[in-house]
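One structure is given below, encoded as structure tokens.
The values are calculated or read from the model by the stated rules, or taken from the named source; none is laboratory data. Because the structure is predicted, anything quoted here is derived from the model rather than measured. Every residue, glycine as well, gets a Cβ built from its backbone with ideal geometry; the counts of neighbours run over all protein chains shown. Heavy atoms of the whole protein, side chains included, go into the accessibility calculation; ligands, DNA and RNA do not. Shrake-Rupley method; radii C 1.70, N 1.55, O 1.52, S 1.80 Å.
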Amino acid sequence: MLSNHLQNGIETAKLVWSRIPNSEDGEAVGLLSTSAGGGTVESLDYEVIENYAYREEQALRGKLYVGYYVVVKWFFALLIGIGTGLAASFINISVENFAGWKFELTFSIIQKSYFAGFLVYILINLALVFSSVYIITQFAPAAAGSGIPEIKGYLNGVDIRGILLFRTLIGKILGSIGSVGGGLALGKEGPLVHIGACIASLLGQGGSTKYHLSSRWLQVFKSDRDRRDLVTCGCAAGVSAAFRAPVGGVLFALEEVTSWWRSQLMWRVFFTSAIVAVVVRTAMGWCKSGKCGHFGSGGFIIWDISDGQEDYSFEELFPMAIIGVIGGLLGALFNQLTLYMTSWRRNYLHKKGAQVKIIEACLISVITSVISFGLPLLRKCSPCPESDPDSGIECPRPPGMYGNYVNFYCSKDNEYNDLATIFFNTQDDAIRNLFSAKTIHEFSAQSLLTFLVMFYTLAVVTFGTAVPAGQFVPGIMIGSTYGRLVGMFVVKFYKKLKIEEGTYALLGAASFLGGSMRMTVTLCVIMVEISNNLKFLPLIMLVLLLSKAVGDAFNEGIYEEQARLKGIPLLESKPKYEMRKMTAKEACGTQKVVSLPRVVKVADVVSILRCSEHNGFPVIDHTRSGETLVIGLMLRSHLLVLLQSKVDFQHSPLPSDPIGGSRSIGHNFSEFAKPVSSKGLSMDEIHLSSDDMEMYIDLAPFLNPSPYVVPEDMSLTKVYNLFRQLGLRHIFVVPRAARVIGLITRKDLLIEDAEDSNTVELQSTSRSAT
């Protein structure tokens, strides 16, 4: 009977495995392919298209609607905070319970047989990792990795297909539980940023129409501009939930992912992060009653070291500066190695299909389990130190339990294995042990060096596999390890009792994150928030500045490197130096501008859209004297909407009304909005008869009459800054203007409300012109 069940299980596994696609012919992963050549990149329309439909809609809006619009934005910020906080709590509870059950079962088995416990430990990790990689490869390919480079590209104005879908959200949540719970050398903090962005985007579009989880009353925001603000709130919420650091979440959105910022958005982002903090705090308070299984022992501050070193001396600044330099070197090396590994995977390994991705992740899981279980077996145990009643630290403790001094493969009860304390443990508990104060001489230099080399290697190899993977927590573990090593040498050299090794572990963690991610203010605030010790703020600032400076001398930050590898064309905050010597006309090159007449034949529109991949077309008209006049910009997506609806087709090739006149159109402004995370309409979906092809369309009511225009001799640096800071998709390059009709100064932009609410008075009308 047992053999029959076993045989049926094997046959079922073979059937499932055979159905996994073994080539890249299946569904495309939501990443760009420009780096491979031949790919196309689409941008988002962050510019407001002020066409006739938009002006007509704005004219109908009163103060009541404007107030409703603002209230809805704040309400959505509230929903984003609640949703992200609940998702983070669910992931934390699931990961902690899976890890707790794993260590509890393994420890109970190793009391009888270490080999049996070793097999159980490997199989549990393998099952969790397999579930994660299977979900990613078969259900949500865009959920692989941290997601931060993709979200950064989205907020930079790049449309990356599939990164904000509902299935990406589900895949990210479930995949993170499996990969982190399976003990891989990665974290859940980066994926939480992606999760927050997905929740914000889904709320902005009113839910998921594909899975019938949409609501009409949520479908308020139709433009990419409004959705961008919501996704920004989601990114901040993700960091706030990951580290329980609301201020750090706001600064992360400001410093790292956004390209455009304003004060109104700052308030909503801050409000969202605060809501996340309240939700996570409430969930943790509920879990402390024992209702969440193995979760609930930690506090709101993840790694509290407020009872650690109270002060520092001037002599300690030099070794602390050394930590900053080491962080910059190791961080830059980490970025370069992961870049090589990811490039090799994308160009060779992952092209062989989904089965190879699954085998790779499972193989790395087995290697990680063997190292984390096997290396502590080779380490001799140390006797427990004399217990200090004031420290609250017990020795020893069983593996997988909260606290220091893990008893693992020790011959006596009052001994502990220092390598198992950090290796055979959850990452949060391992970091808490490395940060801990009043535990001098808990770890030997040999154990710390062994862990540093092995975990650093595992982090490099694991990064880039087809599972959700964050680099915050692995970076903290690597940095805190060599930071504690430096702290041990400082304690021996200065021979002062007030020096804590955990303080140097904190500085090491900050230095490695700074050397890898190249953030300064954000990391500084996050490290202070998670450690609950404001005294070390100047020291954290010192090591961050040094590590970033050293790292910048070798390469860019890890997210910028990964974005470039994935073909995401980010516009960085600073233009290239070569742009100073180039003009706008030189940047245009010799490309031919495809333009449309104001009244265009449907057949001509179809021909242009089929033969051209441009997403914007200048629209020209002619004055009575025959002079050519550019009257605006027409978007490809808007042309497709007009072709599909056919309601604005006309028989006459003449304009239906003069430019600027009023006319009745069959569309409202929301109909031109492109669905989020979708390519929208395509020519293949539009069916036109031969009679339709002979009709005409007057484009004047639908074009953007006021696109941004620059002279042909403007420096490319100024064009770059204008394009990036305003979040543009197109800029017209025109010859030098022949005449000037006016000059706007600051006072011309200062508007005073008159007593009559329907009129507005310019301040410049009551002052002399200057």
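Here SER132 meets each of (1) of a type in the set (Ser, Thr, Tyr); (2) open to solvent by 10 Å² or more (accessible area, probe 1.4 Å); (3) touching a residue at least 40 places away in the same chain (Cβ under 8 Å) with one exception, condition (2).
Please count how many residues of segment 282-296 are exposed (fewer than 15 other Cβ atoms within 10 Å of the Cβ) and either farther than 19 Å from ALA99 by Cβ or at pLDDT below 70 (or both). The qualifying residues number 4. What are the residues in segment 483-519 that are farther than 13 Å from VAL550 by Cα, open to solvent by 10 Å² or more (accessible area, probe 1.4 Å) and under 21 Å from the mean Cα position of the chain (by Cα), if any? Result: no residue meets the conditions.
Of all residues in segment 568-597 being open to solvent by less than 60 Å² (accessible area, probe 1.4 Å) and among the β-branched types (Val, Ile, Thr), which is nearest to the chain's Cα centre (by Cα)? Here the answer is ILE568. Only residues that are closer than 10 Å to GLY81 by Cα and of a type outside the set (S, T, N, Q) were counted in segment 230-269, giving 7. Taking every residue in segment 95-113 that is more than 14 Å from PHE424 (Cβ to Cβ) and pairing it with any residue that is of a type in the set (Gly, Ala, Ser) and modelled with pLDDT under 90, at least 6 positions away or on another chain, the pairs with Cβ-Cβ distances below 7 Å are ASN97/GLY293. On the basis of being in contact (Cβ under 8 Å) with a residue 24 or more places away in the chain and either of a type in the set (Val, Ile, Thr) or touching a His at 6+ places or on another chain (Cβ under 8 Å) (or both), does VAL120 make the cut? Spelling it out, it is not the case that VAL120 is in contact (Cβ under 8 Å) with a residue 24 or more places away in the chain and either of a type in the set (Val, Ile, Thr) or touching a His at 6+ places or on another chain (Cβ under 8 Å) (or both).
For segment 363-384, check the following and say yes or no: at least one residue is of a type in the set (A, V, I, L, M), open to solvent by 50 Å² or more (accessible area, probe 1.4 Å) and closer than 30 Å to PHE554 by Cβ. Among the residues of segment 363-384, at least one is of a type in the set (A, V, I, L, M), open to solvent by 50 Å² or more (accessible area, probe 1.4 Å) and closer than 30 Å to PHE554 by Cβ, which makes the answer yes.
Looking at PHE103, is it open to solvent by less than 10 Å² (accessible area, probe 1.4 Å) and among the aromatic types (Phe, Trp, Tyr)? Let's see the steps before the verdict.
Working: open to solvent by less than 10 Å² (accessible area, probe 1.4 Å): yes; among the aromatic types (Phe, Trp, Tyr): yes.
It is true that PHE103 is open to solvent by less than 10 Å² (accessible area, probe 1.4 Å) and among the aromatic types (Phe, Trp, Tyr).
Taken together, the criteria place ILE195 among residues that are open to solvent by less than 10 Å² (accessible area, probe 1.4 Å), modelled with pLDDT of 95 or more and part of a helix (DSSP H, G or I). For segment 298-324, which residues satisfy the criterion of being modelled with pLDDT of 80 or more and open to solvent by less than 60 Å² (accessible area, probe 1.4 Å)? Of everything in segment 298-324, those that are modelled with pLDDT of 80 or more and open to solvent by less than 60 Å² (accessible area, probe 1.4 Å) turn out to be GLU316, LEU317, PRO319, MET320, ALA321, ILE323, GLY324.
Here is a yes/no grid of residues against (1) open to solvent by 60 Å² or more (accessible area, probe 1.4 Å); (2) within 30 Å of HIS651 (Cβ to Cβ):
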| site | (1), (2) |
| --- | --- |
| SER689 | no, yes |
| GLU694 | yes, yes |
| ASN704 | no, yes |
| PRO707 | no, yes |
| VAL710 | no, no |
| ASP713 | yes, no |
| PHE723 | no, no |
| LEU728 | no, no |
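Based on this model, can you work out whether PRO389 counts as at pLDDT 70 or above, surrounded by fewer than 24 Cβ atoms within 10 Å (Cβ to Cβ), out of contact with any Lys or Arg (no Cβ under 9 Å at 6 or more places or on another chain) and in a loop (DSSP other than H, G, I, E, B)? No: the conditions fail for PRO389. Are any of the residues in segment 538-551 assigned to a helix (DSSP H, G or I), modelled with pLDDT of 90 or more and open to solvent by 80 Å² or more (accessible area, probe 1.4 Å)? Yes: one or more hits. When segment 331-355 is filtered for residues that are more than 23 Å from the chain's Cα centre (by Cα) and in contact (Cβ under 8 Å) with a residue 60 or more places away in the chain, the ones remaining, listed by number, are LYS351, LYS352, GLY353, ALA354, GLN355.
Among the conditions (1) under 20 Å from ASP692 (Cβ atoms); (2) among the charged types (D, E, K, R); (3) under 40 Å from the mean Cα position of the chain (by Cα), GLU613 misses just one, which is (1).
Selection within segment 141-174: residues that are more than 21 Å from ALA236 (Cα to Cα) and under 16 Å from the mean Cα position of the chain (by Cα). The member of this set that is least open to solvent (accessible area, probe 1.4 Å) is PRO141. Candidates are the residues of segment 602-635 that are within 14 Å of ILE697 (Cα to Cα) and not hydrophobic (A, V, I, L, M, F, W, C); the one that is modelled with the lowest pLDDT is ASP621.
Taking segment 602-641 on its own, how many of its residues are of a type in the set (Lys, Arg) and either open to solvent by less than 10 Å² (accessible area, probe 1.4 Å) or part of a helix (DSSP H, G or I) (or both)? Please lay out each step first, then the result.
Residues of segment 602-641 that are of a type in the set (Lys, Arg), as a first pass: 610, 624, 636.
So of that shortlist, the ones also either open to solvent by less than 10 Å² (accessible area, probe 1.4 Å) or part of a helix (DSSP H, G or I) (or both) come out as 610, 636.
Result for segment 602-641: 2.
When segment 552-567 is limited to residues that are within 18 Å of SER511 (Cβ to Cβ) and assigned to a loop (DSSP other than H, G, I, E, B), the one that is most open to solvent (accessible area, probe 1.4 Å) turns out to be PHE554.
Tell me which residues, restricted to segment 421-442, are polar (S, T, N, Q) and assigned to a helix (DSSP H, G or I).
Filtering segment 421-442 down to residues polar (S, T, N, Q) leaves 421, 425-427, 433, 436, 439.
Matches in segment 421-442: THR421, GLN427, ASN433.
Scanning segment 424-452 for residues that are at pLDDT 90 or above and either farther than 19 Å from LEU377 by Cα or aromatic (Phe, Trp, Tyr) (or both) yields one hit, PHE451.
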